[in-house]
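Shown next, in structure tokens, is the structure this report addresses.
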Amino acid sequence: MRARATVDVPATLKRLIRETGPISLAQFMGESNARYYASRDPLGERGDFITAPEISQMFGELIGLWLADLWVRMGSRKRIHYVELGPGRGTLAKDALGAAARYEFAPEIHFVETSASLRALQREAFPGCHHHHDISTLPDDAPLLIVANEFFDALPVHQLVRSADGWFDRLVGLDGDRFTFVAGRERMDHLVPPSWVRASQGAMIETSPAAAALMAEIAQRLRNQGGAALIIDYGHMELRSGSTLQALKAHEKVDVFAHPGEADITAHVDFELLRDVALANGADLMGLTYQGEWLRQMGIDTRMEALQRRNPRDKDKIRRQRDRLVEDSQMGTLFKVLGICGRRWPFGVGFD
């Protein structure tokens, strides 16, 4: 991880392109984000973006109550694992597990994290936590309760373009010393969903084999071990045409090619793909809904009122935090919540 944090991504990728030819967008994005996340704490006002747990404690608390409810309904079993993918500073885990502790929910804590600096922060907050580079090393001796908030959006995507001869990858090449998009020559029809195979010429879709592979592994784990997963991210209920690729640096959108390894490169999550992969690999679908609707059903308004009574001077601030998470004009409909579980596990609340 420490070696990856010092990689000169632009120089490395330019040398690779000059020696072997254009590379896939997925490779460009993967190499850039690997260095980006390994080298910094990207969160907060001094970072590049702010996630929902950093906006308000209510977000994590409601997730904690969701987890505790499932655990209680499954008999409050003694051995269970809490797993978070990309836990940042541990803010979500702190709020979630703090709220769930009221019900004596005390799981073993596992973080999937590739950043050495963030691992250090997480270890300060949770001295007994276990760290993993990916989910392959998670224990298999008890059910898993998995949370992934704004994790899937940073996984590499391919952009596929429909031509008269089929679907082709959009590659990254060089124009002089600058990165640029170029057309691929190898047909990629095998990555295209059946419903899109005969799309009109010029159509572009984004697909992430990395996201599909991760979701398949999560679903198989839940099928075999039991448990549930909550996936929260921005994206579409159904696959759409067009590019959603973006890069953020210091809370501003920048050119995707301007700062590889120094900016957060993301794309909207294809929740249709995640849902279908989960079902195909043996998980049960609790539901797929909007973040705003899910938080309302989880009782965010009641929690907001309680916080306002306890902190009357911050009443307006707490309302603004709630609105940012829930309202359609902010995160409410852009962000989706996907819930899946192992067979014979109860369905979590919030998906009515």
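The values are calculated or read from the model by the stated rules, or taken from the named source; none is laboratory data. If you're wondering where the values come from, they're calculated on a predicted model, not measured in any experiment. As a convention, Cβ positions derive from the backbone with ideal geometry for all residues, glycine included, and neighbour counts pool all protein chains shown.
Scoring SER76 on the criteria (1) modelled with pLDDT under 95; (2) out of contact with any helix residue (DSSP H, G or I) (no Cβ under 7 Å at 6 or more places or on another chain); (3) under 30 Å from GLY173 (Cα atoms) leaves a single failure, condition (3).
Checked against (1) small (Gly, Ala, Ser); (2) assigned to a helix (DSSP H, G or I); (3) surrounded by 14 or more Cβ atoms within 10 Å (Cβ to Cβ), GLY282 meets all criteria but (2). Taking (1) surrounded by fewer than 16 Cβ atoms within 10 Å (Cβ to Cβ); (2) in contact (Cβ under 8 Å) with a residue 12 or more places away in the chain; (3) not in a helix (DSSP H, G or I) in turn, SER329 satisfies each apart from (2).
Entry remark, region 119-133: residues being part of a loop (DSSP other than H, G, I, E, B) and either of a type in the set (Gly, Ala, Ser) or closer than 13 Å to VAL83 by Cβ (or both) number 3 in total.
Condition check ((1) in a loop (DSSP other than H, G, I, E, B); (2) at pLDDT below 95; (3) more than 19 Å from LEU334 (Cβ to Cβ); (4) more than 16 Å from the chain's Cα centre (by Cα)) across all residues:
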position	(1), (2), (3), (4)
LEU174	no, no, yes, yes
VAL182	no, no, yes, yes
LEU214	no, no, yes, no
ILE218	no, no, yes, no
ASP233	no, no, no, no
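Any idea which residue in region 248-271 is surrounded by the most Cβ atoms within 10 Å (Cβ to Cβ), counting only those that are modelled with pLDDT of 95 or more and touching a His at 6+ places or on another chain (Cβ under 7 Å)? Only one residue fits best here, namely ASP270.
Taken over region 183-219, the residue count meeting the criterion of being surrounded by fewer than 20 Cβ atoms within 10 Å (Cβ to Cβ) and polar (S, T, N, Q) is 3. Filtering region 184-212 to residues that are closer than 30 Å to THR137 by Cα and part of a strand (DSSP E or B) leaves GLU206, THR207. The residues in region 136-145 that are out of contact with any Lys or Arg (no Cβ under 8 Å at 6 or more places or on another chain) and either hydrophobic (A, V, I, L, M, F, W, C) or touching a residue at least 24 places away in the same chain (Cβ under 8 Å) (or both) can be counted, and the count is 3. In this entry, VAL197 is excluded by the filter for residues that are in contact (Cβ under 8 Å) with a residue 60 or more places away in the chain, among the hydrophobic types (A, V, I, L, M, F, W, C) and over 27 Å from TYR290 (Cβ atoms).
Looking across region 49-70, the residues that are of a type outside the set (A, V, I, L, M, F, W, C) and assigned to a helix (DSSP H, G or I) come down to PRO53, GLU54, GLN57, GLY60, GLU61, GLY64, ASP69.
Looking only at region 134-172, residues that are part of a strand (DSSP E or B), small (Gly, Ala, Ser) and surrounded by 15 or more Cβ atoms within 10 Å (Cβ to Cβ) come to 1 in all.
A search for C-beta distances below 7 Å between a residue of region 58-83 that is crowded, with 20+ Cβ neighbours inside 10 Å and any residue that is hydroxyl-bearing (Ser, Thr, Tyr), counting only pairs 6+ apart in sequence or on different chains, returns GLY60/THR91; ALA68/TYR103.
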